[in-house]
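Below is one structure; the comments refer to it alone.
The values are calculated or read from the model by the stated rules, or taken from the named source; none is laboratory data. Since the structure is predicted, the reported quantities are computational estimates derived from the model, not experimental observations. For neighbour counting, all protein chains shown are included, and Cβ atoms are generated from backbone atoms with ideal geometry for every residue, glycine included. When the accessible area is computed, the model is the full protein with side chains, heavy atoms only, and any ligands, DNA or RNA have been set aside. Shrake-Rupley method; radii C 1.70, N 1.55, O 1.52, S 1.80 Å.
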Amino acid sequence: MTDVSSKLKGIFPALLTPFNDDESINTEALTALVKRLASKGVQGFYVGGSTGESMVMSNEERKLVFKTVKEACPDNLALIAHVGAISTEMAIDMGKYAKSLGYTAISAVAPFYYSFKLEEILQYYRDIVNAVDMPMIIYNFPLAGGFSLTPAIAKELFADPRFVGIKHTSNDFFALDGFRQISDKLALFNGYDEVMLAGLGMGASGGIGSTYNVMPEKYLALYEAFNNGEIKKAQAIQKEICEIIRVMIKCGVMQSEKYLVSKAGIPMGDCRKPFSKLTEESKKLLDSITSLNFN
Ligand code: MN9
């Protein structure tokens, strides 16, 4: 395990990608979003993941996002570039680019669509790490890739010290405990924001989440309360978060996030098709949430 693990903990927003009306990337708004969240005290960013709509973007666009975020982000924050793709070659290409920009680590979802065999998936991760030679955070998202990382498989990969962590977007908390058994130093990020407290309780050392774009203060406060042993306080914050996420899920999570961030004065635009637009009814529901801070 390299020293980099110590930088890879805490609250990492999974950055949204703002689009202009013509669906091109709004780099100005992206810069403003990074600066706003950095000023709130987050420890780093997860760039170009599911929340960033990377799977409906070209590789060139994904690189533009990496570059824009790197330029906007204060140097003391950690940056994780999500380079996952169905093709190993494409993931390597994006990884090399992130490395050239000075990113802290890379991350990748398992290759999907073709139901790859376990050996093929392990080889994909090893090929990326060998070619890019950077710390790797495995993006464990069984619902998206059909592949579930288990502690036994993780142990095999983590024999190589360049594998430094996991973004665990799954409600299997026993697995999280199993990952923690591998090493105290692993950067284990909780992936579903609505169960952040459960993830921390089972060994996560931080969280990567989409709703952090909207309410970073709540996650910073939850994380601090947990680390101070103030469990009742952490529970109360988690409950407040869940109330809000329930509304977002009803309306469309990323669409809701973009709408709510726009209320803070950063124009986020719509999500790319085939994501639908928010209905007027959904906007009203989102407008009725009173516990958000748009300053
Ligand atoms: O990055 C996000 N996961 C996905 C993590 O987008 C798949 C989460 O933040 C969820 O959007 C959130 C709402 O379910 O927990």
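If you take every residue apart from residue 262 with its C-beta less than 11 Å away from the C-beta of residue 262, what net charge results, scoring Lys and Arg +1 and Asp and Glu -1? Before the final figure, lay out each step's value.
Working: positive: 258, 263, 283; negative: 257, 270.
Combined, the nearby Lys, Arg, Asp and Glu give +1.
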Practice task
Please give the net charge around residue 179, taking every other residue with its beta carbon less than 13 angstrom from that of residue 179, where Lys and Arg add +1 and Asp and Glu add -1.
Solution key: 0
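How much of the accessible area of segment 94-214, probe 1.4 Å, is carbon plus sulfur, in whole percent? Spell out each step's value before the answer.
Details: 2550 of 4600 Å².
Heavy-atom surface of segment 94-214 belonging to carbon and sulfur, 1.4 Å probe: 55 percent.
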Completion exercise
Check: C-alpha center segment 267-291 vs C-alpha center segment 160-225, spacing in Å is 27 Å
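Leaving ligands and nucleic acids out of the surface, order 215, 55, 202 by accessible area at 1.4 Å, largest first.
On the way: 215 0, 55 95, 202 75 Å².
Largest accessible area first, the residues go 55, 202, 215.
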Problem - segment 231-249-segment 37-63 distance, computed between alpha-carbon centres (Å) - result: 24 Å
Exercise for the section: Would you mind computing, in nm to one decimal, how far apart the modelled labels at residue 228 and residue 285 are, each placed 7 Å from Cα along Cα→Cβ? Expected result: 3.4 nm
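From the protein chains alone at 1.4 Å, what is the descending order of accessible area for 22, 127, largest first? Provide the component values of the computation, followed by the final result.
On the way: 22 115, 127 55 Å².
Per-residue accessible area, sorted high to low, gives 22, 127.
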Fill in the blank from the handout: Scoring only Lys, Arg, Asp and Glu (+1, +1, -1, -1) among other residues with Cβ under 9 Å from the Cβ of residue 211 yields -2
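Roughly how many debye, to the nearest 20, is the charge dipole of segment 10-228 about its Cα centre, given +1 on each Lys and Arg Cβ, -1 on each Asp and Glu Cβ, and no other charges? Each step should come with its number before you reach the end.
On the way: 17 positive and 24 negative charges, 102 e Å.
Dipole size: approximately 500 debye.
Counting only protein chains, not ligands or nucleic acids, how are 88, 17 ordered by accessible area (probe 1.4 Å), most first?
Details: 88 45, 17 0 Å².
Final ranking, largest accessible area leading: 88, 17.
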Handout entry: Exposure of residue 230 as accessible area (Å², to 10), given a probe of 1.4 Å and all protein chains
Key = 80 Å²
Exercise for the section: Please list the non-local residues whose amide H lies under 5 Å from the amide H of residue 269, H modeled 1.01 Å from N, same-chain partners needing a gap of 5 or more. Expected result: 19
Fill in the blank from the handout: In units of 2.2 N^0.38 Å, the Cα radius of gyration of the chain is 0.94
Practice task
Provide the packing ranking of 71-78, 216-223, i.e. peptides ordered by the mean count of other C-beta atoms within 10 Å per residue, highest first.
Solution key: 216-223, 71-78
Problem - Relative contact order %, the chain, counting alpha carbon pairs below 8 Å whose residues are six or more apart - result: 19 percent
Handout entry: Residue (of 213, 100, 122) at the positive-pole extreme of the chain, dipole from beta-carbon charges
Key = 213
Practice task
Translational diffusion coefficient, Stokes-Einstein: compute it for segment 75-191 using the Kirkwood radius over C-alpha pairs as Rh, at 4 °C and 1.567 mPa s, and state it as an integer in µm² s⁻¹.
Solution key: 92 µm²/s
Completion exercise
Rounded to the nearest 10 Å², the 1.4 Å probe accessible area of residue 247 is 30 Å²
Problem - Value of Rg/Rh across segment 212-295 [Cα atoms, Kirkwood radius] - result: 1.03
Problem - Where the chain is the region considered: accessible area per residue in Å², 1.4 Å probe - result: 43 Å²
Handout entry: Calculated from backbone phi, Karplus (6.51, -1.76, 1.60) coupling profile of segment 232-240 in Hz, x at Gly/Pro
Key = 4, 5, 4, 5, 5, 5, 4, 5, 4
